[in-house]
Amino acid sequence: MLIGISNPELERLDDEAFLRRFGVSEWDSGKILELNSRRRSQLARLLARCGHSLILSTPLGRDADAERLRVLLEVLGELGGMALMLRPRKTVLEDPQLLFGLVRELSAPPLAARILIEPGREHVPPEGPRQAHPGIDWVADPLWHPRPSWSRARVLKCHGWHEARWIRYYGPEQLETIRRRSKNAEILLWGHSKREEEALKSSGLKSSGLKSSGQ
């Protein structure tokens, strides 16, 4: 299983030690699109040398710009990236055929992209459309979403969600639950405020001297 960081500080794109510590990281696509072509070419070589993959993440509304998504996939390809993560708005999740139609278009040849869908905090993936499109990759939070979501998800993400506050550190019991529930996952992303520190713990590495990134 790959251990990864969600939304690192921008300086991590130049941090070879960070890129070697973790197998994958998730970035808001806007940050990556701001890089010029020369900078992206340099980054692609660094990522290849470190064996690190990027996931590009972008919100998705009903007025989704298909051309912009294709541009994101081109940039993802330039960087040897792993997947495009879509974060659909509530209105899109309420019309799943629109969402699945877009996923089919992007994942079919010639694009053949890996598409991840992150439903967010309040929106659980609907069972019916999941059956209609069984190959879709839903991203689930192992401590927040119900068992049918996290038990099937190949990509899990610990957001630090809580009913009343943001979680800075997960407790020992929570960490054990995350470990147990992620044993069959392909990727485990950490997205809370102490994400790097706890990601290192989960991968069995020591965090001495590691600078924690803020949320």
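Here are the numbers for the structure shown:
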read-out	value
All helices (runs of 4 or more DSSP H) inside the stretch 81-146 with 1 or more residues being modelled with pLDDT under 90 and aromatic (Phe, Trp, Tyr)	96-107
First in the stretch 150-166 and at positive phi and surrounded by 11 or more Cβ atoms within 10 Å (Cβ to Cβ), second anywhere and polar (S, T, N, Q) and part of a loop (DSSP other than H, G, I, E, B), Cβ under 9 Å, 6 or more apart	GLY160/SER193; GLY160/GLN215
Qualifying positions in the stretch 168-200 - β-branched (Val, Ile, Thr) and touching a helix residue (DSSP H, G or I) at 6+ places or on another chain (Cβ under 8 Å)	ILE178
Long-range neighbours under 6 Å by Cβ, at least six apart or interchain, first residue under 17 Å from TRP138 (Cβ atoms) within the stretch 55-67, second acidic (Asp, Glu) and open to solvent by 50 Å² or more (accessible area, probe 1.4 Å)	SER57/ASP28
Total residues in the stretch 1-38, condition closer than 18 Å to GLY77 by Cβ and polar (S, T, N, Q)	4
Selected residue (criterion: surrounded by the most Cβ atoms within 10 Å (Cβ to Cβ)) from residues of the stretch 167-193 that are acidic (Asp, Glu) and assigned to a helix (DSSP H, G or I)	GLU176
Residue in the stretch 61-68 that is closer than 27 Å to TRP190 by Cα and touching a strand residue (DSSP E or B) at 6+ places or on another chain (Cβ under 7 Å) present	no
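The values are calculated or read from the model by the stated rules, or taken from the named source; none is laboratory data. Everything numeric in this text was worked out from a predicted model, so none of it was measured. For neighbour counting, all protein chains shown are included, and Cβ atoms are generated from backbone atoms with ideal geometry for every residue, glycine included. What goes into the accessible areas is simple: the full protein's heavy atoms, side chains included, and nothing from ligands, DNA or RNA. Shrake-Rupley method; radii C 1.70, N 1.55, O 1.52, S 1.80 Å.
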